Amino acid sequence: MEKLWKLLSQVMNRGLPPKEGYARYAAEYDELQKYWDSFEKDYLKPYIEESKDKKVLDAGAGTGRLSVRLHNAGADVTALDISPDMLYLLEQKEPMIETVIGDMEDMPFEDDTFDVVFSTLAMVHLKKVDKFLDECYRILKDDGKVVLVNIHFRKPMILKDNQGKYTIQCYNHFPRHVRKAAEELAFGIEEDVLVTEGDDVWVSQVLVLKK
């Protein structure tokens with residue numbers, strides 16, 4: 001199984017860098033909200049509701065699928081993404097959300113800034129998760145939480161536009177490796193759920209960490 005995983009990963013990580021890829025894919029991505037929701041099912045609902053009146057970062061926010069829900073739940077939301085094209089679409093939906101162009105592995109925020117960090121679907125574009133998790137720990141206040149959705153692409157997403165076919169770099173991360181990396185940074189594990197399809201193959205990991 002791990003050998004097959006490595007072969008798949010070699011194909012997936014040959015795509016375009018995310019900033020370049022999402023410049024082409026942003027509009028189509030934004031139209032697929034129900035598909036992206038399927039990776040999470042309803043596991044995030046209680047954490048979204050808990051975010052009322054809290055200072056929240058949506059890391060890898062994309063076009064704002066989650067940011068807008070957090071804002072509507074009463075959170076003070078900052079949306080971070082490496083793609084200005086994705087954030088532009090977010091700003092058209094909800095101009096009250098602060099948007100920041102930046103790298104999840106080197107986030108432009110002070111220490112102890114946020115009560116909660118959400119990152120759903122974006123971790124798949126990181127070659128390794130350690131730097132990102134370390135950054136989350138740094139920018140979180142004491143007792144803050146990180147709510148992660150670690151998705152599993154079973155095959156590369158072949159995309160197409162008027163320039164031709166392309167893929168965007170992706171790196172699948174074994175759930176146990178993500179959990180181990182978090183624990184090594186002294187995060188506590190509040191919830192760790194594998195979302196599966198009918199054949200019991202995991203499609204995502206919902207991991208909630210506490211500082």
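The values are calculated or read from the model by the stated rules, or taken from the named source; none is laboratory data. Here the structure is a predicted model, which is why all the values come from computation and not from measurement. Glycine also receives a Cβ, built like all others from the backbone with ideal geometry; neighbour counts cover every protein chain displayed.
Quick notes
- Within the range 59-102, being within 17 Å of the chain's Cα centre (by Cα), surrounded by fewer than 18 Cβ atoms within 10 Å (Cβ to Cβ) and outside any helix (DSSP H, G or I) holds for Val100, Ile101, Gly102.
- Within the range 158-168, considering residues that are within 20 Å of the chain's Cα centre (by Cα) and assigned to a strand (DSSP E or B), the one farthest from Glu183 (Cα to Cα): Leu159
- Count - residues of the range 33-43 that are of a type outside the set (S, T, N, Q) and either surrounded by fewer than 13 Cβ atoms within 10 Å (Cβ to Cβ) or more than 14 Å from Ile151 (Cα to Cα) (or both): 3
- Search result, residues across the range 33-46 that are under 17 Å from Gly60 (Cα atoms) and at pLDDT 90 or above: Leu44
- If only residues of the range 111-157 that are assigned to a loop (DSSP other than H, G, I, E, B) and in contact with a Lys or Arg (Cβ under 9 Å, 6 or more places away or on another chain) are counted, the one that is farthest from Ala79 (Cα to Cα) is Pro156.
- The residues listed here are Ala23, Ala61; of these, the one that is at pLDDT below 95 and over 25 Å from Thr196 (Cβ atoms) is Ala23.
- Selection from the range 111-124 of residues that are in contact (Cβ under 8 Å) with a residue 40 or more places away in the chain and either of a type outside the set (Ser, Thr, Tyr) or in contact with a helix residue (DSSP H, G or I) (Cβ under 6 Å, 6 or more places away or on another chain) (or both): Thr113, Phe114, Asp115, Val116, Val117, Phe118, Thr120, Leu121, Ala122, Met123, Val124
Yes/no per residue for (1) basic (Lys, Arg); (2) surrounded by 15 or more Cβ atoms within 10 Å (Cβ to Cβ); (3) farther than 24 Å from Ala23 by Cα; (4) free of Cβ contacts under 8 Å to residues at least 40 places away in the same chain:
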position	(1), (2), (3), (4)
Phe109	no, yes, yes, no
Leu126	no, yes, no, no
Gly144	no, yes, yes, no
Ile151	no, yes, no, no
Lys155	yes, no, no, no
Thr167	no, yes, no, no
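Matching residues to (1) more than 17 Å from Leu44 (Cβ to Cβ); (2) at pLDDT below 95; (3) of a type in the set (Phe, Trp, Tyr):
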residue	(1), (2), (3)
Asp76	yes, no, no
Glu94	yes, no, no
Asp111	yes, no, no
Asp115	no, no, no
Tyr137	yes, no, yes
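- Residue among Ile82, Ile97 that alone is under 21 Å from Asp53 (Cβ atoms) and among the aliphatic types (A, V, I, L, M): Ile97
- Residue match in the range 45-62 (condition: of a type in the set (A, V, I, L, M) and more than 24 Å from Glu191 (Cα to Cα)): no
- Test result for Lys55, farther than 22 Å from His152 by Cβ, surrounded by fewer than 18 Cβ atoms within 10 Å (Cβ to Cβ) and among the basic types (Lys, Arg): yes
- Being surrounded by fewer than 21 Cβ atoms within 10 Å (Cβ to Cβ), of a type in the set (Val, Ile, Thr) and either at pLDDT below 95 or touching a Phe, Trp or Tyr at 6+ places or on another chain (Cβ under 9 Å) (or both) is a property that Thr120 lacks.
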